[in-house]
Amino acid sequence: MPLTDAKVRNLKPTERPQRFFDGDGLYLEVRPNGAKWWRFKYRFDGKEKLLSFGTYPEVPLALARARRLEARQQVAAGINPSAVRKEAKEAKQRALANTLEKVARAWLARRASAWTEGTRDAIEASLENHVFPALGNRSIHEISTRDIRTVVQAIDEQGSGETAGRVFQRLRSVFRYALSEELADSDPTLPLKPSEIFKPRVTSHRPSLAEVDMPAFFRKLDAYEGDPCIKAAFELLLLTAVRPGELRGARWSEMDESQSLWRIPAERMKMATEHLVPLSNQALAVLQRMKAVSGGQGLMFPSTFYPGKPLSDGTLNSVLARFGYKGMATAHGFRTLFSTCANEAGWDSDVIEKQLSHEERDDVRGAYNRAQWLPERIELMQWWADRLDSLRTGPGTRVASKRVAARNSVARLGSFVRDESRASGRINSESRQLNPPSMPAPVAKNALPNPIEVLRALVAAFDQHSPRVSKT
């Protein structure tokens, strides 16, 4: 006879366990200590199995019967209820083990090779400071859209809108990684848009000197009697428009003086891609002077106080402050000066942006992408060096024309293209016969060919014979 609520409630324990059956495999086991356990007995694959549904009164009779019905339906469908329960238990344990902090650190480890050490440390610190204290110990399955919004808006409320935006993007990357690794079922960042959850903010650029301020700056720099490394660092920073961190970490092994190029390796670049910096005649002169100071080996700009380490990140800004430019200029601001002057002079914005390494590089084109816009950038940097000379020594100094600067750069680019082509192993006698390189048309005797056309033809020839690498 089936059980009733009253009978179940009034069952008393005895010295031995008792079983009271409800039907279809469900029964209540009453133990000597008074505990009442719901059990479900069934057969699967020819073997008898036993499943627990919990204790009474936490699980009343109606709920025990509902669980029996569900289990019988699973058996009818060829599913073992015990295996289902075991899998659910393991999934719950995995969910508890895969906390947001654990998954975020796994993402950091996976992506580490794409960043410089400093960038990785900064990303990790932002998560440790702003995310892990509130959400780090929670299962990644439990994190909701509201949780994400609350964390990043708290950063924004502190007046750190830029940091809030970066943390949000990093959380979005963590959840994309979790989805790809089947560690999460959904991405709670998807419904959120930065423009809707953050306060509007005015973009501010690092303070920089204007062109009109440069003559006075150069007078102060020329009168500077401190560390010669610092003076040369300012000069090369201006002449190359690189980031201060890229300059401070410069090594002599990166300088290709024979081709007038500075090859900054990928591991030192913000975008983790090698960057080619054309060296003007004036920049090469700075290198010659620095050889006598730093020995032409190891770091170009070593610290005076800590041998083997570069100049500290605050050194150049401290000197600018001593020059009277505190709050008015930063070392990074010289990039803004270069960009402003070059744009106002009418140079192609794509060339300027490429020189500033503001674009992500496409791995498909390999060496060709490293040389992209190189003829124009060689010309641009020589023009910029000459322009700085005119600001340093006065308006009477003659600034080399674009045409002369380009003519002086033909040999540099030709040497670069030939070396890169040899390295690719794709230019040989057979390929030259089948695919002759595109070269500039012959010119009349005593006629002067257009240097820019010559440079472009050389790059086109290199592009024709460079290997095409497909993305995988």
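The values are calculated or read from the model by the stated rules, or taken from the named source; none is laboratory data. Please read these numbers as outputs of a predicted model, since none were measured by experiment. For neighbour counting, all protein chains shown are included, and Cβ atoms are generated from backbone atoms with ideal geometry for every residue, glycine included. Side chains included, ligands, DNA and RNA excluded: accessible areas come from the protein's heavy atoms. Shrake-Rupley method; radii C 1.70, N 1.55, O 1.52, S 1.80 Å.
Tabulated values for the structure
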| read-out | value |
| --- | --- |
| Sole exception among (1) within 56 Å of the chain's Cα centre (by Cα); (2) outside any helix (DSSP H, G or I); (3) not aromatic (Phe, Trp, Tyr) for residue 85, by number | (2) |
| Hey, residue 106 within 27 Å of the chain's Cα centre (by Cα) and of a type in the set (A, V, I, L, M, F, W, C) or not | yes |
| Of all residues making up region 158-195, the number that are of a type in the set (D, E, K, R), at pLDDT below 90 and either touching a strand residue (DSSP E or B) at 6+ places or on another chain (Cβ under 7 Å) or in a helix (DSSP H, G or I) (or both) | 1 |
| All positions within region 196-218 that are among the charged types (D, E, K, R) and either open to solvent by less than 80 Å² (accessible area, probe 1.4 Å) or modelled with pLDDT of 95 or more (or both) | 211, 213 |
| Residue in region 53-67 that is least open to solvent (accessible area, probe 1.4 Å), counting only those that are of a type in the set (A, V, I, L, M) and farther than 12 Å from residue 5 by Cβ | 59 |
| Residue 225 being out of contact with any strand residue (DSSP E or B) (no Cβ under 6 Å at 6 or more places or on another chain) and surrounded by fewer than 18 Cβ atoms within 10 Å (Cβ to Cβ) | yes |
| Matching residues, region 39-50, being under 13 Å from residue 24 (Cβ atoms) and either of a type in the set (Ser, Thr, Tyr) or open to solvent by less than 70 Å² (accessible area, probe 1.4 Å) (or both) | 39, 40, 42 |
| Residue within region 117-133 that is touching an Asp or Glu at 6+ places or on another chain (Cβ under 9 Å), closer than 22 Å to residue 28 by Cα and not β-branched (Val, Ile, Thr) present | no |
| Near pairs, Cβ below 8 angstrom, 6+ apart or cross-chain, from region 162-181 (open to solvent by less than 50 Å² (accessible area, probe 1.4 Å)) to any residue that is of a type in the set (Asp, Glu) and assigned to a helix (DSSP H, G or I) | 164/156 |
| Any hit, region 58-68, residues being under 25 Å from residue 18 (Cβ atoms) and in a strand (DSSP E or B) | no |
| Residue satisfying all of: in region 270-304; assigned to a loop (DSSP other than H, G, I, E, B) and hydroxyl-bearing (Ser, Thr, Tyr); nearest to the chain's Cα centre (by Cα) among these | 273 |
| Neighbours by Cβ (under 9 Å, 6+ apart or cross-chain): first from region 292-307, farther than 19 Å from residue 235 by Cα; second of a type outside the set (Lys, Arg) and surrounded by 10 or more Cβ atoms within 10 Å (Cβ to Cβ) | 297/252; 297/253; 298/252; 298/253; 305/312; 306/312 |
| Which numbered condition residue 34 misses (of (1) assigned to a loop (DSSP other than H, G, I, E, B); (2) farther than 30 Å from residue 78 by Cβ; (3) open to solvent by 60 Å² or more (accessible area, probe 1.4 Å); (4) of a type outside the set (Asp, Glu)) | (3) |
| Test set (1) in a helix (DSSP H, G or I); (2) at pLDDT below 90; (3) touching a strand residue (DSSP E or B) at 6+ places or on another chain (Cβ under 6 Å) - residue 377 fails condition number | (2) |
| Qualifying residues in region 113-129 (those that are more than 15 Å from residue 171 (Cβ to Cβ) and β-branched (Val, Ile, Thr)) - the one least open to solvent (accessible area, probe 1.4 Å) | 116 |
| Candidate set from region 270-295 (those that are β-branched (Val, Ile, Thr) and closer than 25 Å to residue 114 by Cβ); member that is surrounded by the fewest Cβ atoms within 10 Å (Cβ to Cβ) | 273 |
| Residue among 122, 104 that is in contact with a Leu (Cβ under 8 Å, 6 or more places away or on another chain), part of a helix (DSSP H, G or I) and small (Gly, Ala, Ser) | 104 |
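This table checks each residue for (1) of a type in the set (Gly, Ala, Ser); (2) out of contact with any His (no Cβ under 7 Å at 6 or more places or on another chain); (3) farther than 19 Å from residue 334 by Cβ.
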{"residue": "227", "(1), (2), (3)": "no, yes, no"}
{"residue": "253", "(1), (2), (3)": "yes, yes, yes"}
{"residue": "258", "(1), (2), (3)": "yes, yes, yes"}
{"residue": "274", "(1), (2), (3)": "no, yes, yes"}
